[in-house]
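Heads up: the structure comes next, in structure tokens.
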Amino acid sequence: MSTSIVFCLSKLLSWKPWIPGKQLQFLKPWTVGILTQRELTKDTSSDLLELNENDLEEQFVRGHGPGGQATNKTNNCVVLKHIPSGIVVKCHQTRSTEVNRIRARRILQEKVDLFYKGESSDIFKHKEEAERKKQEKRKKAKDNLEKKKQFKERQKLDLEE
């Protein structure tokens with residue numbers, strides 16, 4: 001099985017090979033209307049409920065936060081409402097309306113999946129797993145710190161003798 005190689009324009013305006021499945025980054029001027037490869041393929045393998053476009057109500061509003069005129073005078077913040085469940089998502093992660101639309105749909109899809117499936121949802125399972133790993137990491141760090149304290153105390157006792 002052979003992998004197809006596509007040539008893309010890289011940061012220094014030279015053509016370099018790109019293999020599908022790898023992350024593709026663009027310079028700032030090109031990021032406005034073009035998604036990175038990671039955006040297009042980010043975690044679509046999970047079994048999420050599909051959104052019907054007829055069930056969505058989409059609005060574009062002015063953003064907020066830092067950014068000055070670029071933020072305060074452009075309608076690039078996306079507000080999506082899933083009418084059957086009443087879930088509303090507001091996305092203003094980037095300055096690009098197109099990227100915000102895609103991200104808002106992904107976030108809404110995850111929230112709707114969690115709303116309908118509850119604890120059996122893949123999203124819920126991933127969050128639980130991440131929380132469990134975080135707790136294990138904290139416990140391990142705490143144990144290591146305690147071991148270091150005990151080691152230093154033993155060294156002090158050995159030096160005093």
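The values are calculated or read from the model by the stated rules, or taken from the named source; none is laboratory data. The structure presented is a predicted model; accordingly, all values stated were derived computationally and were not measured. Using ideal geometry, Cβ is built from the backbone for each residue, glycine included, and neighbour counts are taken over all protein chains shown. Areas reflect the complete protein model, heavy atoms only, side chains present, ligands, DNA and RNA absent. Shrake-Rupley method; radii C 1.70, N 1.55, O 1.52, S 1.80 Å.
Test Phe60 against the stated conditions and say whether it is exposed (fewer than 15 other Cβ atoms within 10 Å of the Cβ), touching a Ser or Thr at 6+ places or on another chain (Cβ under 7 Å) and farther than 19 Å from Asp47 by Cβ. It is true that Phe60 is exposed (fewer than 15 other Cβ atoms within 10 Å of the Cβ), touching a Ser or Thr at 6+ places or on another chain (Cβ under 7 Å) and farther than 19 Å from Asp47 by Cβ. Of all residues in the stretch 82-98, those that are surrounded by fewer than 13 Cβ atoms within 10 Å (Cβ to Cβ) have Cβ atoms under 8 Å from Cβ atoms of residues that are assigned to a strand (DSSP E or B), 6 or more apart or on another chain, in Ile83/Leu56; Ile83/Glu57.
With respect to (1) of a type in the set (Ser, Thr, Tyr); (2) in a helix (DSSP H, G or I); (3) in contact with a helix residue (DSSP H, G or I) (Cβ under 6 Å, 6 or more places away or on another chain), the lone exception for Ser85 is condition (2). List every residue pair whose Cβ atoms sit under 9 Å apart, with the two residues 6 or more apart in sequence or on different chains, where the first one lies in the stretch 123-144 and is open to solvent by 100 Å² or more (accessible area, probe 1.4 Å) and the second, anywhere, is in a helix (DSSP H, G or I) and not charged (D, E, K, R). Partner pairs satisfying both residue conditions: Lys127/Leu114. For Arg62, the conditions (1) at pLDDT 85 or above; (2) basic (Lys, Arg); (3) within 24 Å of Ile123 (Cα to Cα) are fulfilled apart from (3).
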